[in-house]
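Presented below is the structure to which this report refers.
The values are calculated or read from the model by the stated rules, or taken from the named source; none is laboratory data. Everything numeric in this text was worked out from a predicted model, so none of it was measured. Cβ atoms come from the backbone with ideal geometry, glycine included; neighbour counts cover every protein chain shown.
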Amino acid sequence: MIEEKSLQSMVDELRGLNKHSTVAILDCILTGLRISSISSVADLVLQQN
């Protein structure tokens, strides 16, 4: 019974976090795109030198 209650509370927490996690995932993707674009620009600059 204790395990079932804890699992249910975890599921409830995940459902509550779902709205926020979508924003967090988008933020991570945007940050990753920024990092990759910055590194690609750095590669271009290094290649020109």
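In the stretch 1-43, the qualifying residues are those that are surrounded by fewer than 10 Cβ atoms within 10 Å (Cβ to Cβ) and hydrophobic (A, V, I, L, M, F, W, C), and the one that is modelled with the lowest pLDDT is MET1.
Contact list please: Cβ distance under 9 Å, first residue in the stretch 23-46 and aliphatic (A, V, I, L, M), second residue assigned to a helix (DSSP H, G or I), pairs at least six apart or on different chains. So the pair list comes out as ALA24/LEU17.
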